[in-house]
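Asks: One structure is given below, represented as structure tokens, and several questions about it will come after.
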Protein chains: 2
Amino acid sequence: MNRFLTLLAGALCSAAMAAGPGQYVDPFIGTSNFGATHPGAQYPHGLASVSPFNVAFGQPELNPFEKDDAWNSRVYIHENQFLTGFSHLNLSGVGCPEAGVMLLMPTRGELNLNPEEYGSTYSGERASPGYYSARLDKYDIQAEVTSTLRTGLSRFTFPAGQSHILLNLGLGLTNETGGSLEIVSEREIQGMRNIGTFCYHSENVRPVYFVARFSRAADDFGAWKKMPRYRNVEADWVGFNDKIKPYAGYRHPLSGDDIGAWFSFDTQKDEQIQVQLGISFTSIENARANLNAEQRGFDFASVRQSAVDAWDMLLGRAEIEGTRQQKTMFYTALYHSLLHPNIIQDVNGDYPLMGQHGTGNTKENRYSVYSLWDTHRNVHPLLSLLYPDIQTQMVRSAVAMAKESGWLPKWELYGMETQVMVGDPGTAMIADSYLRGIRDFDVDAAYEAMLRAASQTENNLLRPEIEEYLNLGYVPVDDEGPYDGSVATSLEYYVADYNIAQLAKALGKEEDYQTFSRRANNYRKLYDPATGMLRPKNRNGQWLSPFDPELGRNFEPAPGYIEGNAWNYRFYVPHDTPGLIQLSGGDEAFVEQLDATFDTGNFDMTNEPDITYPFLYNFVEGQAWRTTQRVHQLIDQYFGTGPDGLPGNDDTGTLSAWLAFSMMGLYPVTPGNTDYALFTPLLDSVTLHLNTQYYPGSRLVINKADTGSTEQHSDISFNERKLMRPFLDHKALVKGGEITFK
Amino acid sequence: MNRFLTLLAGALCSAAMAAGPGQYVDPFIGTSNFGATHPGAQYPHGLASVSPFNVAFGQPELNPFEKDDAWNSRVYIHENQFLTGFSHLNLSGVGCPEAGVMLLMPTRGELNLNPEEYGSTYSGERASPGYYSARLDKYDIQAEVTSTLRTGLSRFTFPAGQSHILLNLGLGLTNETGGSLEIVSEREIQGMRNIGTFCYHSENVRPVYFVARFSRAADDFGAWKKMPRYRNVEADWVGFNDKIKPYAGYRHPLSGDDIGAWFSFDTQKDEQIQVQLGISFTSIENARANLNAEQRGFDFASVRQSAVDAWDMLLGRAEIEGTRQQKTMFYTALYHSLLHPNIIQDVNGDYPLMGQHGTGNTKENRYSVYSLWDTHRNVHPLLSLLYPDIQTQMVRSAVAMAKESGWLPKWELYGMETQVMVGDPGTAMIADSYLRGIRDFDVDAAYEAMLRAASQTENNLLRPEIEEYLNLGYVPVDDEGPYDGSVATSLEYYVADYNIAQLAKALGKEEDYQTFSRRANNYRKLYDPATGMLRPKNRNGQWLSPFDPELGRNFEPAPGYIEGNAWNYRFYVPHDTPGLIQLSGGDEAFVEQLDATFDTGNFDMTNEPDITYPFLYNFVEGQAWRTTQRVHQLIDQYFGTGPDGLPGNDDTGTLSAWLAFSMMGLYPVTPGNTDYALFTPLLDSVTLHLNTQYYPGSRLVINKADTGSTEQHSDISFNERKLMRPFLDHKALVKGGEITFK
């Protein structure tokens, strides 16, 4: 087949595959503007993914954003042009550098093992669920990748001549170093890569294991290691001082900070060589078992089709009507909400135990990568609504983590609690799920873990400030480090305590309900009537002074607040918005303050504390139309279909889940409260296919009259009964039926 | 027990153990003056050894000889004072940096993971076969080490307080980097270390595996890694930029260039903690099996006693009379001759296949570390005489290597042919052994391997210059690199060919005998009557000009010669000394030239090509007394009982074997010729207990009349029959009896 035919066949093939809603997904959305998504091939909730890696070297001409030149958490940046391989373990929408390892790179000509030199520009990029391809300009190689849950598959189409496939274990996004590899045969490499040092913390390091298998035996192979800078006379004698040293034909285990392996092939014109790479977090043997189980032979089309089918099945739970652009935005948002948490167990059920050395075994899915400070707000409610079966497994995994480590997850990464961000969001995630009807988990164990975090005053992994919080009713700003955020922490604790209270109530634990409701109500202690802000307070009860509510707007440290300023947090009492309205001076004052937040540029669409603010108008009678207005305006302003179609870091799907909910016209404003705020959907109509094993209804339809103007949909009905408030309870909604906006 | 009692008990214990000839061994001999021996604990032909490692950091005040400041092949140098641990894989008397890895170091106080800082001076060193001890001044820790064949055992006596035992996998003598480790439990660490890059060659790298086990569970533990120098903004964020990063409590596999692990203990006063470390060249599992098989419990005294017994048994095959100093010199020489080659197979028989990936299995000993350019001259003849059972196994191992790789060993290191030095000494080693009566090996396979090296003109691993050697009768100096040594190479080939001829004759292969005898006789083509030297010759038959026979004396490159100059090589035709005497102008001229060599300072006692020269006087009638004179003078001048008791690199026992033979009054001058040159022994009497399974005699006695002057022993008798020549054939000698010098 000549190249034209190859490309044509690829295009036809691609077209044939994209019959379902996956056809609307554009994986490039979020790959610019710090969205931190990757455009690579990934199965829904897949452990493995295969992403182009273009953040190393090549600056400033080719890669304006180099991974080490700034705090960078992205394996791929759309503005960059210099590709140094395809990484097989990637995070999507995460704010800290991690993973981006096990890089496969096809090259040609004289063997060059230096990624700074062997990298290439590329052209003709295409990406769709489970598929990415590009042509590597320097080598005239067509690269295509796809993936299963735990494995990647790369297909490289080479010109005639000397071709190579490099597996680089040194280069990566992670700041951790080190790996080992062993060339098992002319067709297989196995090994491990240390990852970790998440958010530049030194703790939380572990290995990820892999087995790479080639569709053809290599004609030549070898390993390499970047040698250190030697000293003195030794430096004169060693042949590879501060250089990359090749180990031709090497077959023993090789370890080092920066190692790799090459496989060389004398290729015919248009010869395709495929590489499977299976990963595991427990052992090399399991990586091989995963590979053997998930890929038979080297069948690129079949692997890709499986991924497409898996995506269509999940995305198809939401049927929508709207413009093509709206479909792209919506389905890509849903797609981005379905990447993390991802499974981590091997095909045989082995998984890394939480917070300890060793391996557990499970017969169900074990999920990992919980960015709960972000995702408890809307990703998990979205899953609870559309995929309660998956959310059940995620809750079960979180509870299992508590059983293993003593603590629910906060920012769990591959079995490690990274303790990134503040609060106790796992409590909220689980209580909220329970209240929405997700109940097939060990509720007693979950509740016990919640109480531990809420009460243990020493060595509290999740709530380190618990003792003063209990004594004072808030976390004091005294002794606070630049990133502690005493107000932010307190507010998260209030939400968590509210969730415990709600769960306690549902479980008939009246005393706990009272206790934790009281604790949740302590937010009032931080309300400063003078400024209208939730203001940092000292241990002695005095407000922090001086106090600038705008401080923190540009990410400078702001005492009391983490990732934001006082404005971003001023309405962050989701469990008692009516109470806050009262404190603020009543409805009119509250609306004024809300408006002021938006109008003064103190609303941040790219971060989580304030993302419910546009929906808060619903709490004021007669003002719900402002919600619709705000939401539509924010979508218009911040979201789109290009690589910059997300306003900032997707936070493992949180911005995307915000968009998906917002386009449908409903939003879960309060964790632990099952009311959705309702507002005019952007989409013409939505049909959600509910899981009848969990919910009585089989489908929920959301429709709006075609008025041409959004503000006029003040009349909302559910199953033809007009709603008195612009809210609908999850428990009612999942009985199925139709929400209509007139 | 207080410290005084501890020391006293140690001293008593030590005294009690040293009843046999091992009591005379001083392992410090050769640890200065570039002898390159180590004073550590090593079992006879043991794979593992535990040696103090004092060649890193601390310069210039504490360590005048730092490993990277010069070409250094020593793990321990007597002049140095800064110890950074105890290494568990060590070479003795080798000229290139290698091994010296898996360093255990006890420390105290605040945990410090930087060897440059945690190293200590030491005092009160003691060493004897299978034992080394010293007090670490900085920590007031008593360190004692002993070993079995494949394991080390360290016993550290701590003061009360916070104590640590560090296992450093980064530091080492080898120039290769990289390792992996895993803390298996509070009492065990496993892993591997890449070694290789022998003589600064980039090839020949492999892992050595280990399991370290502690006598007590650690109270705290962790791993560490020296992190790289990060770049740009990344460098601002990572916590351990170009620093050692600790991983407290880490239990997963960790890999990197420079890693280690610490175990911490809250120790009582005088608490002893022991560490076993088993090694293997095939796998971690086998390292553990070796450890389990060779050490039961933590019984330091018993392990040490086993080593003492093993040494006494071997050393006791030679009983001698002489001064205490002579006994020290002789038994230490014998000791140094019994370290390499060392066994390499695991207790289950697994061993690394030669020159290829993979593992073989054997039911006998598999030897490794063959520095044959050195040792074929006298170490193997010494083994053939005193330990024919061991030499049999060494020959069998060498032949097995040929079966596995196609080639006999030359400089074989841990299953890798390093190709260091020139010639084909494996051929000579095996033929010589056969002729001495070592015949229980696959002679056909050995012979076939010899012929391959002697005839294969392409890709000849052992004789790369074979084609021109065959065509011209010598290796031409044209195109020679600075370290090729065309004359040296030719001379080694002649010796090898002579050995093939002698073996062929013994095997009844008359035609081969003729062919290879002719080839061996080609040395005459390099004899230059004008200078009396074996002189570099060009391809066209012209001598190299200009030509300075002294060039190379100071290790500068000398065309034609490797590790020496023309003088060092001028008599290196051991297989035809009579022919050389003729060429040189007859007996008188030859003696004059020999004398001139010594008198002009052109004899090098520290290197191999000329070490037989003092014995060549025996070839001239009536001049044998000069041999005695020279030998005694050389011993007196170059050998002794202090750390500088060897004149230079021991070359895996070659200088020591020279001394042992020389002190006994006999020397095997020619590989492949079973005559020993006889001369007056330095020792008063020698009784060798022969192995009657190999030799008809049960013992050989060497006696000399007490004359007070060596020159007068011109009357040599064997079994009371006066010898007409100052030579005695091995075949006669091993019938047993008595050699008397009157």
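Asks: Only one of B:641, B:680, B:687 is within 30 Å of residue B:316 (Cβ to Cβ), surrounded by fewer than 19 Cβ atoms within 10 Å (Cβ to Cβ) and touching a strand residue (DSSP E or B) at 6+ places or on another chain (Cβ under 6 Å). Can you tell me which?
Replies: Numbers: B:641 fails: touching a strand residue (DSSP E or B) at 6+ places or on another chain (Cβ under 6 Å); B:680 fails: surrounded by fewer than 19 Cβ atoms within 10 Å (Cβ to Cβ).
Checking each option against the conditions leaves just B:687.
Asks: While we're on this one: Residues A:463, A:518: which one is free of Cβ contacts under 8 Å to residues at least 24 places away in the same chain and within 29 Å of residue A:584 (Cβ to Cβ)?
Replies: Details: A:463 fails: free of Cβ contacts under 8 Å to residues at least 24 places away in the same chain.
Going through A:463, A:518 in turn, the sole match is A:518.
Asks: Right, next: Here's a check for you: in the stretch A:166-189, which residue that is assigned to a strand (DSSP E or B) and surrounded by fewer than 24 Cβ atoms within 10 Å (Cβ to Cβ) is farthest from the other protein chains (Cβ to nearest Cβ)?
Replies: Within the stretch A:166-189, the subset assigned to a strand (DSSP E or B) is A:166-168, A:179-185, A:188-189.
From what's left, surrounded by fewer than 24 Cβ atoms within 10 Å (Cβ to Cβ): A:166, A:182, A:184-185, A:188.
On the way: A:166: 19, A:182: 9, A:184: 9, A:185: 10, A:188: 13 Å.
That would be A:166.
Asks: Of the residues A:435, A:413, A:408, which single one is open to solvent by 10 Å² or more (accessible area, probe 1.4 Å) and aliphatic (A, V, I, L, M)? Can you show your working first?
Replies: Details: A:413 fails: open to solvent by 10 Å² or more (accessible area, probe 1.4 Å); A:408 fails: open to solvent by 10 Å² or more (accessible area, probe 1.4 Å).
Answer to the check: A:435.
Asks: Let me ask something else. Please verify whether residue B:229 is facing chain A (nearest Cβ under 10 Å), assigned to a loop (DSSP other than H, G, I, E, B), open to solvent by 50 Å² or more (accessible area, probe 1.4 Å) and in contact with a helix residue (DSSP H, G or I) (Cβ under 9 Å, 6 or more places away or on another chain), treating the condition exactly as stated. Can you show your working first?
Replies: Details: facing chain A (nearest Cβ under 10 Å): yes; assigned to a loop (DSSP other than H, G, I, E, B): yes; open to solvent by 50 Å² or more (accessible area, probe 1.4 Å): yes; in contact with a helix residue (DSSP H, G or I) (Cβ under 9 Å, 6 or more places away or on another chain): yes.
Here the answer is yes, as residue B:229 does meet what is asked.
Asks: Specify the residue that is least open to solvent (accessible area, probe 1.4 Å); the eligible residues are those in the stretch B:215-226 that are more than 7 Å from every other protein chain (Cβ to nearest Cβ) and out of contact with any Phe, Trp or Tyr (no Cβ under 6 Å at 6 or more places or on another chain). Before you say what the answer is, go through the steps one by one.
Replies: From the stretch B:215-226, those more than 7 Å from every other protein chain (Cβ to nearest Cβ) are B:215-224, B:226; that's our starting set.
From what is left, the residues that are out of contact with any Phe, Trp or Tyr (no Cβ under 6 Å at 6 or more places or on another chain) are B:216-217, B:220, B:224, B:226.
On the way: B:216: 60, B:217: 44, B:220: 90, B:224: 4, B:226: 68 Å².
Among them, the one singled out is B:224.
Asks: Looking only at the stretch B:57-102, count every residue that is of a type in the set (A, V, I, L, M, F, W, C) and closer than 24 Å to residue B:658 by Cβ and tell me the total. Even if it seems obvious, please write down each step before you answer.
Replies: From the stretch B:57-102, those of a type in the set (A, V, I, L, M, F, W, C) are B:57, B:62, B:65, B:70-71, B:75, B:77, B:82-83, B:86, B:89, B:91, B:94, B:96, B:99, B:101-102; that's our starting set.
Subset that is closer than 24 Å to residue B:658 by Cβ: B:71, B:75, B:77, B:91, B:94, B:96.
Counting residues in the stretch B:57-102 that are of a type in the set (A, V, I, L, M, F, W, C) and closer than 24 Å to residue B:658 by Cβ gives 6.
Asks: Consider the stretch B:120-165. How many of its residues are over 25 Å from the mean Cα position of the chain (by Cα) and either not in a strand (DSSP E or B) or not assigned by TED's automatic domain parsing to the domain that holds residue B:220 (or both)? Quick ask: steps written out before the conclusion?
Replies: Narrowing the stretch B:120-165 to residues over 25 Å from the mean Cα position of the chain (by Cα): B:120-124, B:135-143, B:155-165.
Among the residues that remain, those that are also either not in a strand (DSSP E or B) or not assigned by TED's automatic domain parsing to the domain that holds residue B:220 (or both) are: B:121, B:137-140, B:159-160.
Result for the stretch B:120-165: 7.
Each row is one residue, and each column tells you yes or no for (1) charged (D, E, K, R); (2) part of a loop (DSSP other than H, G, I, E, B); (3) under 29 Å from the mean Cα position of the chain (by Cα).
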{"position": "B:521", "(1), (2), (3)": "no, no, no"}
{"position": "B:525", "(1), (2), (3)": "yes, no, no"}
{"position": "B:530", "(1), (2), (3)": "no, yes, no"}
{"position": "B:546", "(1), (2), (3)": "no, yes, no"}
{"position": "B:549", "(1), (2), (3)": "no, yes, no"}
{"position": "B:552", "(1), (2), (3)": "no, yes, yes"}
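Asks: Is one or more of the residues making up the stretch B:62-78 closer than 26 Å to residue B:160 by Cα and aromatic (Phe, Trp, Tyr)? It would help to see each step written out before you state the result.
Replies: As a first pass, look at the stretch B:62-78 and keep what is closer than 26 Å to residue B:160 by Cα: none.
For the stretch B:62-78, residues closer than 26 Å to residue B:160 by Cα and aromatic (Phe, Trp, Tyr): absent.
Asks: Do we have any residue at all in the stretch A:456-471 that's assigned to a helix (DSSP H, G or I) and within 19 Å of residue A:340 (Cα to Cα)?
Replies: Filtering the stretch A:456-471 for residues assigned to a helix (DSSP H, G or I) gives A:466-471.
Then keep just the ones that are within 19 Å of residue A:340 (Cα to Cα); that gives none.
Scanning the stretch A:456-471, I find no residue that is assigned to a helix (DSSP H, G or I) and within 19 Å of residue A:340 (Cα to Cα), so the answer is no.
For (1) of a type outside the set (Val, Ile, Thr); (2) open to solvent by 10 Å² or more (accessible area, probe 1.4 Å); (3) facing chain B (nearest Cβ under 10 Å), each residue gets a yes or a no:
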| position | (1), (2), (3) |
| --- | --- |
| A:240 | yes, yes, yes |
| A:246 | yes, yes, yes |
| A:255 | yes, no, yes |
| A:264 | yes, no, no |
| A:269 | yes, yes, no |
| A:277 | yes, no, no |
| A:281 | yes, no, yes |
| A:299 | yes, yes, no |
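Asks: Considering only residues that are farther than 22 Å from residue B:70 by Cα and among the β-branched types (Val, Ile, Thr), which ones fall in the stretch B:86-115?
Replies: B:107
Asks: Follow-up. Among the listed residues B:194, B:204, identify the single one that is touching a strand residue (DSSP E or B) at 6+ places or on another chain (Cβ under 6 Å), facing another protein chain (nearest Cβ under 10 Å), open to solvent by 30 Å² or more (accessible area, probe 1.4 Å) and closer than 26 Å to residue B:277 by Cβ.
Replies: Values: B:194 fails: open to solvent by 30 Å² or more (accessible area, probe 1.4 Å).
Every option except B:204 fails the conditions.
Asks: Every residue in the stretch A:704-719 that is at pLDDT below 95 and open to solvent by 20 Å² or more (accessible area, probe 1.4 Å), please.
Replies: Result: A:704, A:705, A:706, A:707, A:708, A:709, A:710, A:711, A:712, A:714, A:715.
Asks: For a quick check of your reading: which strands (runs of 3 or more DSSP E) sit entirely within the stretch B:318-376 and have at least 1 residues that are open to solvent by 20 Å² or more (accessible area, probe 1.4 Å) and of a type in the set (S, T, N, Q)?
Replies: On the way: elements: B:318-321, B:350-352, B:359-361.
Qualifying strands (runs of 3 or more DSSP E): B:359-361.
Asks: Looking at the stretch B:355-368, I want the residues that are within 14 Å of another protein chain (Cβ to nearest Cβ) and have a partner that is β-branched (Val, Ile, Thr) and buried (at least 17 other Cβ atoms within 10 Å of the Cβ) with Cβ atoms under 6 Å, at least 6 apart or on another chain. Which pairs are those?
Replies: Hits for this filter: B:359/B:282.
Asks: All but one of (1) within 14 Å of chain B (Cβ to nearest Cβ); (2) over 30 Å from residue A:201 (Cα atoms); (3) in a helix (DSSP H, G or I) hold for residue A:117; which doesn't?
Replies: With respect to (1) within 14 Å of chain B (Cβ to nearest Cβ); (2) over 30 Å from residue A:201 (Cα atoms); (3) in a helix (DSSP H, G or I), residue A:117 is out only on (1).
Asks: Hey, can you tell me all the residues within the stretch A:45-62 that are at pLDDT 95 or above, on the phi < 0 side of the Ramachandran plot and either open to solvent by less than 10 Å² (accessible area, probe 1.4 Å) or of a type in the set (Asp, Glu) (or both)?
Replies: Selection gives A:46, A:47, A:48, A:49, A:50, A:51, A:52, A:53, A:54, A:55, A:56.
Asks: Would you mention how many residues in the stretch A:142-165 are over 21 Å from residue A:42 (Cβ atoms) and surrounded by fewer than 23 Cβ atoms within 10 Å (Cβ to Cβ)?
Replies: 4
The values are calculated or read from the model by the stated rules, or taken from the named source; none is laboratory data. Remember, it's a predicted structure, so these values are computed and weren't measured experimentally. Cβ sites come from the backbone with ideal geometry, for glycine too, and all protein chains shown count toward neighbours. Keep in mind that these areas ignore ligands, DNA and RNA; they rest on the heavy atoms of the full protein, side chains included. Shrake-Rupley method; radii C 1.70, N 1.55, O 1.52, S 1.80 Å.
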